[in-house]
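Read through the structure below, which is laid out as structure tokens, and then see the notes.
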Amino acid sequence: MKKLILLLIPISMMVSCQQAKDQNPFLTEWDTPFGTPPFHLIQDEHYIPAYNEAIAQNNAEIEAITNNPDEPNFENTIVAFDKSGELMGKIGAVYGGLSSANTSDRMQEIAREITPLLTAHRNAIRFNQDLFERIKVVYDKRESLNLDVEQMRVVEKIYDDFARNGAALPEEQRNELKKLNERMSMVSLNLNQNLLAENNGFKLILDNEADLIGLPSDVIAGAAQAAKSEGHEGKWLFDMSKPSWTPFLQFSERRDLREKILTAYCMRGNNENEFDNKKLFVELMMLRKQMAQILGYNNYAEYFTAEQMAQNPETVFNFLKEVWNPALKRAKEEYTDMQKIIDREGGNFKLQSWDWWYYAEKVRKEKYNLDQEELKPYLTIDNVREGIFYVTNKLYGLTYKKRPDIPVYHEEVQAFEVIDRDGSHLAVLLYDPHPRATKKSGAWCGTYRSGSYKDGNKITPVVTIVTNFSRPVGDKPAMLSWDETETFFHEFGHALHNFFADGQYDRTSRSVPRDYVELPSQVMENWAGEPEVLKVYAKHYQTGEPIPDALIEKMQSSSKFSQGFTNVEYVSAAYLDMAWHTADIPQDMDVNKFETKTMNELGLIDEIVPRYRTTNFGHIFSGGYAAGYYVYLWAGQLDADAFEAFKETGDLFNQELAAKFRKYCLSENAMGEGMEQYIKFRGKAPSIDPLLRQRGLK
């Protein structure tokens, strides 16, 4: 009957549909260098038709698997499912990437339109009983199928994905989970869109030059440029982008304005306005707990950690406390040092949270004679990028070629071809450096195409690094703070993971626990501050002279400075995340009271604010780091231990170790669980001692 109906469609309509497909870049082959996305051709109106086609194609692929009359086996069920949804992934990678890096009002509308459709589609697959039964047949007989290690892992991972999502539950519970999933996706979307609006909504516009007292000249120039770009010529604008608010807190002598900008940062999503996130957040916590309990867990933290290296919330809480206690002790010492300066200067006030950054800089200068602004002329964005290229060349033999012929989505984005040691094409890298109103805050690494295999041929990845680093001002290049320099190295570590991941199956090619995923990124940070590396890339933007030894010595001697504050503000946020995801959440939960109670129980001092507060904790809104913000510290244990392995050899670029790290920790994730792979590299499980030593907490 369906065939008869298709035959009755007017030819003119069929031609029109075909033309629409031909004109939609998502529905054609990409005739671009290395098959990169043709950003110059993609328009907002292409997304929804493309998604509709992708859903139809994916449904047909699933039907082909479930209707296959042959006995379920590895190829016709597991591999067929693993390779399904190619078009969906193609669209989703572009839409997801641009939604974060270059969004618009229309793209946010599209998100609200398409999110329910995509959630319903995913639910239809997750709870497809015919599909799950076929997967279960293969899973149950997997030991008798002569599968290799990689094949065995993809069978187990795909089965576990379905089981953990509730496919094995009775129909009534499956239907309940579907509804929960649909609502959670919309709540997460709304939380994130509210946060973006709050980030863009705050503008501190100054029109009196006296209000700029204490600020470095490049910060003032950047604020003037930002004001001019928004129609406030002759004034200075500070906002919620990190290159704006961070130096303001560090250097502004206007205590009242420091309070204003830090308060605005902390209160995002908590202003009793249309973008207030409190009720939405409580709803999300309730939904996650309901989901976890249907799946047999007491709470969402139990559900999440069951698949992580930590394995349970208790291990996470205990691990956080191991760092918290020495960090809090150190933070209190840092507080005393700063209060002494206030008293000595006749300040006649007790240090508050908006004072911490400012007086920490005074302590840094007093104890180590180091002004962070001294470093910036050596840390231009191009210098740091070249330093990263140097390190990855010395470790892995990679080289980079600028490719202006590769399409980009914004004029500031730079495209590079990544070439492997043997001269073969390895990946494409897109780098998007500076803040925009259309870009979310922070820094991240993602992919517009993950590395994979198709018909036995390697499909190379298209990787993106997005940051919010200061722009060039006047005739000065963009110069980075030391924190931004480490961030650049960090995100490039994620990029390396994406470059090297090499598995036959999409599900397991880069499959690592969330508390492992920050190992590749954080370990890269260690090379940034090594003297022999600094001498290569940290060169003065005017003279070209390498950073002087005296300045390197100051950096080395102050490397453990402010580790009390840094670790306390981080651990308090990680603890808050775990507290929310283990708590009983009534519908009328008072978000601020819960947060205050949790921080008091932890012992957080009033002078330090958690790195993220509940209503602007974007890491946990979408689920990726929900009950998992602790992972940066957990991976810190791994990265400190891994870098110590290099240091022990006396060679920062030890080729044997680099090859083992690439093989076991970056490339062969499909071959074992995170700790297994790490032990293959290191020869033993990691110790927390290198982490505590590295941070000056032991």
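Data overview
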read-out: Candidate set from the stretch 398-428 (those that are assigned to a strand (DSSP E or B) and of a type in the set (S, T, N, Q)); member that is surrounded by the fewest Cβ atoms within 10 Å (Cβ to Cβ); value: THR399
read-out: Flag if LYS454 is at pLDDT below 95, over 22 Å from PRO38 (Cα atoms) and not acidic (Asp, Glu); value: no
read-out: PHE594, sole failed condition from (1) touching a residue at least 40 places away in the same chain (Cβ under 8 Å); (2) crowded, with 16+ Cβ neighbours inside 10 Å; (3) assigned to a helix (DSSP H, G or I); value: (1)
read-out: Some residue of the stretch 39-58 being more than 30 Å from TYR409 (Cα to Cα), surrounded by 15 or more Cβ atoms within 10 Å (Cβ to Cβ) and not basic (Lys, Arg); value: no
read-out: Number of positions in the stretch 300-349 that are buried (at least 16 other Cβ atoms within 10 Å of the Cβ), more than 22 Å from THR582 (Cβ to Cβ) and aromatic (Phe, Trp, Tyr); value: 1
read-out: Meets criteria (assigned to a helix (DSSP H, G or I) and either on the phi > 0 side of the Ramachandran plot or touching a Ser or Thr at 6+ places or on another chain (Cβ under 7 Å) (or both)) for PHE281; value: yes
read-out: Helices (runs of 4 or more DSSP H) within the stretch 629-698 that include 2 or more residues at pLDDT 95 or above and in the same structural domain as ALA501 (by TED's automatic domain parsing); value: 631-649, 655-660, 674-682
read-out: Filtered residues of the stretch 67-99 (kept if part of a helix (DSSP H, G or I), surrounded by 18 or more Cβ atoms within 10 Å (Cβ to Cβ) and among the polar types (S, T, N, Q)); value: THR77, SER99
read-out: Any hit, the stretch 243-262, residues being of a type outside the set (Asp, Glu), out of contact with any helix residue (DSSP H, G or I) (no Cβ under 6 Å at 6 or more places or on another chain), under 23 Å from TYR570 (Cα atoms) and in a loop (DSSP other than H, G, I, E, B); value: no
read-out: Given (1) surrounded by 22 or more Cβ atoms within 10 Å (Cβ to Cβ); (2) more than 25 Å from TYR396 (Cβ to Cβ); (3) within 19 Å of the chain's Cα centre (by Cα), number of the condition MET479 does not satisfy; value: (3)
read-out: The stretch 87-111, residues that are under 30 Å from VAL155 (Cα atoms) and in contact with a strand residue (DSSP E or B) (Cβ under 8 Å, 6 or more places away or on another chain); value: LYS90, ALA93, VAL94, GLY96, GLY97
read-out: GLY387 being under 26 Å from the mean Cα position of the chain (by Cα) and over 25 Å from ILE261 (Cα atoms); value: yes
read-out: Every residue from the stretch 187-230 that is free of Cβ contacts under 8 Å to residues at least 60 places away in the same chain, of a type outside the set (A, V, I, L, M, F, W, C) and in a helix (DSSP H, G or I); value: GLU209, ASP211, SER217, LYS228, SER229
read-out: Answer from ILE158, ILE125, ILE135, ILE114 - the residue that is over 26 Å from TYR505 (Cβ atoms) and either out of contact with any strand residue (DSSP E or B) (no Cβ under 8 Å at 6 or more places or on another chain) or not hydroxyl-bearing (Ser, Thr, Tyr) (or both); value: ILE114
read-out: Tabulated pairs, the stretch 396-407, first among the charged types (D, E, K, R), second at pLDDT 95 or above and surrounded by fewer than 16 Cβ atoms within 10 Å (Cβ to Cβ), C-beta under 7 angstrom, 6+ apart or interchain; value: ARG403/PRO33; ASP405/PRO33
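For every residue, the table says whether it meets (1) in a helix (DSSP H, G or I); (2) free of Cβ contacts under 8 Å to residues at least 12 places away in the same chain; (3) acidic (Asp, Glu); (4) in contact with a strand residue (DSSP E or B) (Cβ under 7 Å, 6 or more places away or on another chain).
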{"residue": "GLN339", "(1), (2), (3), (4)": "yes, no, no, no"}
{"residue": "ILE342", "(1), (2), (3), (4)": "yes, no, no, no"}
{"residue": "LEU351", "(1), (2), (3), (4)": "no, no, no, no"}
{"residue": "ASP355", "(1), (2), (3), (4)": "yes, no, yes, no"}
{"residue": "VAL363", "(1), (2), (3), (4)": "yes, no, no, no"}
{"residue": "LYS367", "(1), (2), (3), (4)": "yes, no, no, no"}
{"residue": "LEU370", "(1), (2), (3), (4)": "no, no, no, no"}
{"residue": "ASP382", "(1), (2), (3), (4)": "yes, no, yes, no"}
{"residue": "ARG385", "(1), (2), (3), (4)": "yes, no, no, no"}
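The values are calculated or read from the model by the stated rules, or taken from the named source; none is laboratory data. Note that the coordinates shown come from a computational prediction; the quantities given were computed from them, not determined experimentally. Cβ coordinates were reconstructed from backbone atoms using ideal geometry, including for glycine residues, and neighbour counts include every protein chain displayed.
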